[in-house]
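The values are calculated or read from the model by the stated rules, or taken from the named source; none is laboratory data. The model shown is predicted, which means the values in this text are computed figures rather than measured ones. In this analysis, Cβ positions are derived from the backbone assuming ideal geometry, glycine residues included, and neighbour counts consider all displayed protein chains.
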Amino acid sequence: MENYWIQLKTLIDQSQKIVLTTHVRPDGDGLGAEAALFSYFESLGKIVRIINVSPLPEAFDYMNKDARFETFNTTIHAHILENADCTIILDCNQLDRTEEMAPYVERTKGNIVVIDHHLYPGDFADLLCIDINSCATGEMVYDFITFHSGKMTVSQDAATGIYTSIMTDTGNFRFPRTTPAVHRKTAYLIESGVEPSEIYGWVNEQRTLQSLQLQGLFLSQIRTAYDGRLAYSVVKKSDFDRFGATLEDSEGFVKYLLSVKGVVMGILLIEQPYGYKLSFRSKGDIDVNRLASQYSGGGHKNASGGKMEEMTDHAIARLIADAEPILNAMEITE
Ligand code: 5GP
Ligand code: MN
């Protein structure tokens, strides 16, 4: 990665106006990476803006120091995007995942940089910093900041963002990419002033009642297939309406599918105005990214997402049928 960081350092050193963004419906990783870079670049005297197509989910309010997270608005932000010296897209390797911001990002007079850890990046950036072995984009941001500063610790503000990224994208330090190196970097974050139990509480212990009630329904609707190796659940708009719940309230449901004994692939279908939003999760060598790519999506081998416009039982049956060859493919796919 060092070669990337040398190139990125040159770009950053030449840039004054920097825009940071991430994908639609941002998660803790993208947001934490943005907060950390915002803090670090401001400390270097840069003019930095975080502009996201989606508003900041309430759980992450603790990172919104000085109202640094802005929600894209053409009138306010079009010229900022156009005139940025450098636009950094975090935790996202497809420009269209910035949705209505995409044409403005594309038109920028400056450089476009991607810092990300997903498979199969699109071809739209001047500098692609991709490390699919990184547990989180925030880990890569830590690597860059420490490369740039020459110090292993960072400011408490930046550390809070990076810790949030790593904690959320490793499922609280348990996914396979949570290597000894990740724990060592995390140790430096704690030395930088991060409070792990506080961040855990902010992110994971602020559930709304309607979210828990919807979760109860989601759990009761889980079905299995292929000898109990696949679990799936469909959450309809009427289910959301019953509890007054929003899409944000269903965040994290998909992980329960893999907690069923014997299940190695989980599919969550959530009704949206356009059809179903699909979330795929798998264990080991089962590559759900292949399934996601058949459904206008992508992501990682063990966690990916997509969409399905047709909402009939027949379409659901086809999705389950499409999962079978992937469930049965035992070869290792990178
Ligand atoms: P989730 O199921 O949590 O929405 O998404 C899981 C993973 O799949 C994330 O890493 C996310 O970046 C990726 N992902 C989700 N939806 C899409 C999509 O529509 N397109 C692409 N390329 N990736 C997606
Ligand atoms: Mn990520």
Checklist entry - Is it fair to say Arg281 is among the basic types (Lys, Arg), in contact (Cβ under 8 Å) with a residue 12 or more places away in the chain, crowded, with 23+ Cβ neighbours inside 10 Å and touching a helix residue (DSSP H, G or I) at 6+ places or on another chain (Cβ under 8 Å)? => result yes
Checklist outcome for this item: Counting only residues that are within 16 Å of ligand 2 (Cβ to nearest atom), of a type in the set (S, T, N, Q) and outside any strand (DSSP E or B), the range 281-309 contains a total of 2
Checklist entry - So is Thr312 away from ligand 2 (no atom under 16 Å from the Cβ), more than 24 Å from Asn172 (Cα to Cα) and at pLDDT below 95 or not? => result no
Checklist entry - Quick one: what pairs do we get from the range 167-187, first residue under 17 Å from Ser197 (Cβ atoms), second among the acidic types (Asp, Glu), C-beta under 8 Å, 6+ apart or different chains? => result Thr168/Asp27; Thr168/Asp29
Checklist entry - Filtering the range 143-189 down to residues that are assigned to a loop (DSSP other than H, G, I, E, B) and of a type in the set (A, V, I, L, M, F, W, C), which residue is modelled with the lowest pLDDT? => result Phe175
Item to check | Lone qualifier among Lys237, Lys277 - being more than 16 Å from ligand 1 (Cβ to nearest atom) and touching a strand residue (DSSP E or B) at 6+ places or on another chain (Cβ under 7 Å) | outcome: Lys237
Checklist entry - Of the residues Ser54, Ser39, which single one is touching a residue at least 12 places away in the same chain (Cβ under 8 Å), polar (S, T, N, Q), in contact with a helix residue (DSSP H, G or I) (Cβ under 7 Å, 6 or more places away or on another chain) and farther than 16 Å from Thr108 by Cα? => result Ser39
Checklist entry - Does Leu95 satisfy the criteria of being among the hydrophobic types (A, V, I, L, M, F, W, C), under 22 Å from Gly305 (Cα atoms), within 15 Å of the chain's Cα centre (by Cα) and more than 16 Å from ligand 1 (Cβ to nearest atom)? => result no
Checklist entry - Do you know which of the residues in the range 226-256 that are closer than 16 Å to Leu269 by Cβ and of a type in the set (Lys, Arg) is surrounded by the most Cβ atoms within 10 Å (Cβ to Cβ)? => result Lys236
Next on the checklist: Just to be sure before I move on: is Glu248 part of a strand (DSSP E or B), closer than 27 Å to Gln210 by Cβ and among the acidic types (Asp, Glu) in the structure I sent?
Outcome noted: no
Checklist entry - Taking the range 115-130, which residues are away from ligand 2 (no atom under 11 Å from the Cβ), in a loop (DSSP other than H, G, I, E, B) and on the phi < 0 side of the Ramachandran plot? => result Leu119, Pro121, Gly122, Asp123, Phe124, Ala125, Asp126
Checklist entry - Do you know which of the residues in the range 122-162 that are within 15 Å of ligand 1 (Cβ to nearest atom) and within 18 Å of Ile199 (Cβ to Cβ) is surrounded by the fewest Cβ atoms within 10 Å (Cβ to Cβ)? => result Cys135
